[in-house]
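Q: Please see the structure below; I have some questions.
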Amino acid sequence: MSSQTLLTDLTAGVLTLTLNRPEVLNAFNDELAAALLEALKKAERDEAVRCLVLTGAGKGFCAGQDLAAFREREGEASFRAHLLKTFNPIVARLRALEKPVIAQINGAAAGAGLGLALACDLRYAAAGAKLRVAFAGIGLAPDSGVSFFLPRLAGLARAYELAVTNAPLAAEEAEKLGLVNRVFPAEALAEGVRALALQLAAGPTRAFGLTKRAMNKALTAPIDEVLDYEAYLQDAAGRTADHREGVAAFLEKRPPQFTGR
């Protein structure tokens, strides 16, 4: 699917997806939601993609749902049907994608835009970027995975406070709470994220994917299940070419040359 609302660039194993509706801070309409979901499906299948970066064009990362576009629908729109078609499968794909996914938060991330950022594996923000739960400001409850990720990252009381007060959270404070991994000066964000993405793209992609699978399981499973699942995944990792290369490189005292297989 080709769409001007989503820009794609694949270089050196790093797929950069840029939400491209800067005039509305990259808020989602149906076209952008469909394009992003299709791009994530394609990235999952494409062996040339070994790391993914999600960012926004212009001054914002993502302002969530475009409310004007949502209200243009005929009749009374179903929020549930809309979420099941758009943000829910996008968030699920981000979590299931067994390649590192980095949110490059170049500006405001609010509502469903915050949910997308929290669903990524790593989050790097520009100084001055603001995060906001936003749903309470329009009389709604959180969606797009915010109620799942935010309490796990920030703690229940702090997450609830952020949700009900609708207070903006500066990138620097978000870093202290563990919501973002690191804050860069705005002019250095893209370069900093690019360096990390290239490093991850050169790594053992299968092992990274199995690590993500293990941690997804561990978020909700009891310890006995987690231990058994770790053992199962380690068997899978041990059969990869990258494992064999890693051991050989260690014994030969040289840097490993991983291929992602």
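Each reported figure results from applying straightforward, stated rules to the coordinates on display, with no laboratory input. None of these values were measured; they are calculated from a predicted model. Reconstructed Cβ throughout: ideal geometry from the backbone, glycine too, with neighbour counts over all protein chains shown.
Q: Just the Cα atoms of region 48-147, one point each, no solvent: what log10 I(q)/I(0) does Debye give at q = 0.13 Å⁻¹?
A: -0.48
Q: Once you place label points 7 Å from the Cα toward the Cβ at Glu172 and Arg158, how far apart are they in nm?
A: Computed distance between label sites Glu172 and Arg158 equals 1.6 nm.
Q: Quick one: among Ala125, Ala141, Ala248, which has the greatest mean-square fluctuation in a GNM of the chain with alpha-carbon springs under 10 angstrom?
A: Ala248
Q: Compute the length gained on full extension between Asn181 and Ala92: take 0.36 nm times their separation in residues and subtract their Cα-Cα distance, giving the result in nm to one decimal.
A: Length difference between fully extended and current span is 29.9 nm.
Q: Report the Cα centroid-to-centroid distance between region 146-184 and region 100-135 in angstrom, as an integer.
A: 10
Q: Let me ask something additional. Kirkwood-based Rg over Rh for the chain (C-alpha set), two decimals?
A: 0.98
Q: Give me the orientation-averaged projected area of the Cα convex hull of region 205-251, in nm², one decimal.
A: 3.4
Q: For the chain, set up a Gaussian network in which alpha carbons nearer than 10 Å are linked by springs, and say which option among Pro89, Pro222, Pro22 fluctuates the most.
A: Evaluated over the chain, the most mobile residue of the options is Pro222.
Q: Still on this structure, please answer the following. From the helices alone, meaning DSSP H stretches of at least four residues, give me the mean residue ellipticity at 222 nm for the chain, per-run term -39500 (n - 2.57), in deg cm²/dmol to the nearest 500.
A: Value at 222 nm, helices only, nearest 500: -14500 deg cm²/dmol.
Q: Any idea which of Cys51, Val247, Ala92 is furthest toward the positive side of the dipole for the chain, if Lys and Arg beta-carbons carry +1 and Asp and Glu beta-carbons -1?
A: The Cα lying farthest towards the positive end belongs to Val247.
Q: Oh, and also: Provide the FRET efficiency to the nearest 0.05 for the Ala195-Ala127 pair, computing r from the beta carbons and using R0 = 25 Å.
A: 0.90
Q: Further question: Which distance in Å, rounded to a whole number, links the C-alpha centroids of region 186-217 and region 223-261?
A: That distance is 17 Å.
Q: What trypsin sites (Lys or Arg not before Pro) does region 8-70 have in DSSP loop regions with at most 15 other beta carbons within 10 Å?
A: Answer in residue order: Lys59.
Q: Hey, another quick one. Give me the distance in nm between label points sitting 7 Å out from Cα along the Cα-to-Cβ direction at Tyr229 and Glu252, one decimal.
A: My value for the distance between the label points is 3.6 nm.
Q: Can you list which of the chymotrypsin sites (Phe, Trp or Tyr not before Pro) found in region 50-130 are DSSP loop residues with at most 13 other C-beta atoms within 10 Å?
A: Of the chymotrypsin sites (Phe, Trp or Tyr not before Pro), not one in the loops of region 50-130 has a Cβ with at most 13 other Cβ atoms within 10 Å.
Q: Turning to a different aspect of this structure: Report the net charge of residues surrounding Leu131, where surrounding means a beta-carbon distance below 15 angstrom and charges are Lys +1, Arg +1, Asp -1, Glu -1.
A: Result for the neighbourhood of Leu131: +3.
Q: Set the Förster distance to 25 Å, then compute FRET efficiency between Lys217 and Arg261 from the Cβ-Cβ distance, nearest 0.05.
A: 0.60
Q: Within region 158-191, list the residues whose amide N lies under 19 Å from a label point set 7 Å along Cα→Cβ of Asp9.
A: Backbone N within reach: 184-191.
Q: Can you give the Rg and Dmax of region 1-68 based on its C-alpha atoms, in angstrom?
A: Cα-based Rg and Dmax for region 1-68 come out at 11.9, 38 Å.
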